[in-house]
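A quick write-up on the structure given underneath.
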Amino acid sequence: MASSNQATPSIPKPNKRGDYYPLWRHVQKISRCGGGGSWEWRCNLCHLLYKGSYPRVKAHLLHDAGKGVEHCSKTIDPVERRKYQSEQDEADRLKIRHEQLAQATPQAPNIEPMIVQHARKRTANQLTQESSKNPTGTPSVQESRIAKLVNMQGREEAETRVARAIYACGIPFNVVRSPYWQDMVRAINTTPKGFKGPDYERIRTDLLKKEKALL
């Protein structure tokens, strides 16, 4: 029976949330080649040079078959290879958690607190009575409190969804300090209702060309 004190290899962890491809850190990216995330890269361990995307890096270091790359000579030892496998396993678990979180995210809620529901259901007679008591037409204290509560809840919900997107996509936290982030938020706030954002194809083609032209 194995001893409980048996040493186990350290398990490196992804350096940031959303790092689903940790083994890129063990190769040197030299230049892009084609699309789909393909690079010319050199292994930092055995120094062999290859071309391809992340699955080939993974196959090289973890000795996976069928990817057309030679296995790394520095990870032949199972104990040594386990260090890199542990990195990938942790990243895979992280990705699954984020995917589960994204699937569990409900649609934009249409739930209002009881006080807001009550305010929206007031009868015309009640509004008329309030109007007669408040001929200036200025909002009552109760109405002001309700409006403030609705705004606070909407802001909290929006911030929660923004944060969730940052976590799930592995975006560095300091992006919110960028002036481009604030410019984006201002633009969204002033965009007509119904704006859904650019799609994947437009982001990688038309909008990218437009930004490059400004450089």
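The values are calculated or read from the model by the stated rules, or taken from the named source; none is laboratory data. Here the structure is a predicted model, which is why all the values come from computation and not from measurement. Cβ placement follows ideal geometry from the backbone for every residue including glycine, while neighbour counts extend to all protein chains displayed.
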- line: All-but-one check, Pro179 against (1) surrounded by 10 or more Cβ atoms within 10 Å (Cβ to Cβ); (2) at pLDDT 85 or above, failing number (1)
field: Positions within the stretch 6-46 being out of contact with any Asp or Glu (no Cβ under 6 Å at 6 or more places or on another chain), modelled with pLDDT under 90 and more than 26 Å from Glu99 (Cβ to Cβ), in sequence order
entry: Gln6, Ala7, Thr8, Pro9, Ser10, Arg32, Gly34
message: Going by what's in this entry, would Glu112 be described as over 18 Å from the mean Cα position of the chain (by Cα), modelled with pLDDT under 55 and not polar (S, T, N, Q)?
response: yes
message: When the residues of the stretch 182-201 are narrowed to those that are assigned to a loop (DSSP other than H, G, I, E, B) and among the small types (Gly, Ala, Ser), which ends up surrounded by the most Cβ atoms within 10 Å (Cβ to Cβ)?
response: Gly197
